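The values are calculated or read from the model by the stated rules, or taken from the named source; none is laboratory data. From a predicted model like this one, the values you see are computed outputs, not experimental measurements. Using ideal geometry, Cβ is built from the backbone for each residue, glycine included, and neighbour counts are taken over all protein chains shown. Remember, those area values only see protein heavy atoms, side chains included, never the ligands or the DNA or RNA. Shrake-Rupley method; radii C 1.70, N 1.55, O 1.52, S 1.80 Å.
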Amino acid sequence: MARSKVAILEPAWIGWKPMRAPRFFRSCIVLILAAFPAQAREPTDTLTIRTLQISDHPGQEAPSIYVSGQIVTALRFEKEIEPSKTKLLAWEGRFKAPLVGSQKVVLEPLRNLDAGEALPLLVTLIDGTEFMFLVKPRSREEWGWTDYQVNVFKDPNSYDAVLSSLHDALKRERKLSAENERFKVEENSIDHAYATLLANGQVKQTPFHREVFYRPKNEDMDMVVEVFSGPGKAAVLIHLTNTDYGGPWTFDGAYLTRDFTHRTARPFALRMNRTHIIPGQSGKLAVVVDKTAFEMEGQLVDLALQIFRGDGQLQVAVAMDHTLVRK
C-alpha cells in the first residue's frame, strides 16, 4: 500500500511541509492551523439586538456596549439626541467618526478593541437627559456577543420599551425551546455518546482508530490534535492546556463546512469536558462526524472543522478528508 502524506501549514511558515502519515491513508491531507490574529471568526452569528432599560438609581453603573472591529453598532433612543453634547471619548484611531443624528448613535470600530479597553460614551437627549455608557470589546470571559443594535429606554412603561422587552422575551423563549429540543435529540445520539467517550479519555471504548497525532505551535496554548477514522464516521480530539493566555480560555464555537471557502454548515456531534480553561488547566474537545455529513451530490467530499475561542479568534482548524470514513 502506498504511503500518503500529511501536510501541515503553520502561520510562521507558508508552504507545505511533508510528513510521514499513518499507515492507512491514501492521498489524505490533514490541515492544522494554530490561532493567529488574521484568522478571526466572522461574527454574524453573535450579532445581538437587545433592550437596555436605564434606571434613575444614582448607584447604577454605566451599562456596557460590546463592539467588534469593522462591525456597526447602533444605539437607539426614545427621543431626539443633542449632537453637540454627545461624545465618545478617545475614539480617534480606534473608531470611525461616530454618527449622531435623530434618535441614534452609530459606532464603527476600526479594529477589535484590546482586552480591558473601555471608552466612555456620553449621550445627551434634547430634553437634557444624559446617558453614560462604557464601550468595550466583545467579552472573552464568557460567551459574549457583539451589539448590533441596543434599544435604550428610561421609561420601562412606555409603549416602545414594553414592545422591545416583549420581543427580547420571545427571542429568549425560542432559543430555550430550540436548546431543549437539541438536548432531547442528543440524549439518543450515538455520535454524541462517542464524543463524550473521546472527551473523557475513553478512546478504547469507541470504534475509532487514530490516524494523525500533531502538536500545533501556539504561544499561549499547548495543543494536541488527534484525528480518527471509523466505520461510517470520523472524529477529532483536541487537547488544550492554558499555558499563558492571560486569563481563562473560553470556547466560542465550532463550525464544520464543505471546506475553508464554503459557508454551508454540516452536522456534527461535539462534547467538551470544560468550556472554560483557567491558566495551568487542561481540557478536551471532541467532534464526531457521521458519513452523511461528508455526502454531497452522491459522493463524499472533504470537510473543514474550525474551533474559535472567546475573543473571536481561530484557535485551531482541521481539514477532514473523506477517506477518514471507513466502510
Practice task
Quick one: which residue in 219, 187 is within 17 Å of residue 281 (Cα to Cα), open to solvent by 90 Å² or more (accessible area, probe 1.4 Å) and modelled with pLDDT under 90?
Solution key: 219
Problem - Long-range neighbours under 6 Å by Cβ, at least six apart or interchain, first residue farther than 13 Å from residue 233 by Cα within the stretch 199-213, second at pLDDT below 95 and basic (Lys, Arg) - result: 199/271
Problem - Complete set of residues in the stretch 99-114 that are in contact (Cβ under 8 Å) with a residue 12 or more places away in the chain and either more than 23 Å from the chain's Cα centre (by Cα) or surrounded by fewer than 14 Cβ atoms within 10 Å (Cβ to Cβ) (or both) - result: 100, 101, 102, 103, 104, 105, 106, 110, 111, 114
Exercise for the section: Select, from 241, 257, 250, the only residue that is open to solvent by less than 20 Å² (accessible area, probe 1.4 Å), touching a residue at least 40 places away in the same chain (Cβ under 8 Å), over 30 Å from residue 297 (Cβ atoms) and of a type in the set (Val, Ile, Thr). Expected result: 250
Problem - Residue check for residue 274: under 21 Å from residue 194 (Cβ atoms), open to solvent by 60 Å² or more (accessible area, probe 1.4 Å) and in contact (Cβ under 8 Å) with a residue 12 or more places away in the chain - result: no
Practice task
Among the numbered conditions (1) touching a strand residue (DSSP E or B) at 6+ places or on another chain (Cβ under 8 Å); (2) part of a loop (DSSP other than H, G, I, E, B); (3) farther than 14 Å from residue 307 by Cβ; (4) open to solvent by less than 40 Å² (accessible area, probe 1.4 Å), tell me where residue 234 comes up short.
Solution key: (2)
Fill in the blank from the handout: Only unsatisfied item for residue 194, checking (1) within 20 Å of residue 310 (Cα to Cα); (2) open to solvent by 20 Å² or more (accessible area, probe 1.4 Å), is (1)
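Residue-wise test of (1) assigned to a strand (DSSP E or B); (2) small (Gly, Ala, Ser); (3) closer than 27 Å to residue 112 by Cα.
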site	(1), (2), (3)
271	yes, no, no
274	no, no, yes
285	yes, no, yes
288	yes, no, no
306	yes, no, yes
Fill in the blank from the handout: Scanning the stretch 235-279 for residues that are of a type in the set (S, T, N, Q) and more than 21 Å from residue 145 (Cβ to Cβ), the one modelled with the lowest pLDDT turns out to be 261
Practice task
Go through the stretch 291-312 residue by residue and tally those that are touching an Asp or Glu at 6+ places or on another chain (Cβ under 6 Å) and either closer than 20 Å to residue 234 by Cα or among the hydroxyl-bearing types (Ser, Thr, Tyr) (or both).
Solution key: 2
Completion exercise
Given (1) more than 22 Å from residue 322 (Cβ to Cβ); (2) modelled with pLDDT under 95; (3) touching a His at 6+ places or on another chain (Cβ under 6 Å), residue 302 misses just (1)
Problem - Which numbered condition residue 272 fails, given (1) under 16 Å from residue 324 (Cβ atoms); (2) in contact with a helix residue (DSSP H, G or I) (Cβ under 7 Å, 6 or more places away or on another chain) - result: (1)
Fill in the blank from the handout: Taking the stretch 79-92 and the residues there that are in a helix (DSSP H, G or I) and farther than 17 Å from residue 152 by Cα, the one that is most open to solvent (accessible area, probe 1.4 Å) would be 85
Practice task
Answer yes or no as to whether residue 95 is modelled with pLDDT under 90, over 30 Å from residue 275 (Cβ atoms), more than 19 Å from the chain's Cα centre (by Cα) and open to solvent by less than 50 Å² (accessible area, probe 1.4 Å).
Solution key: no
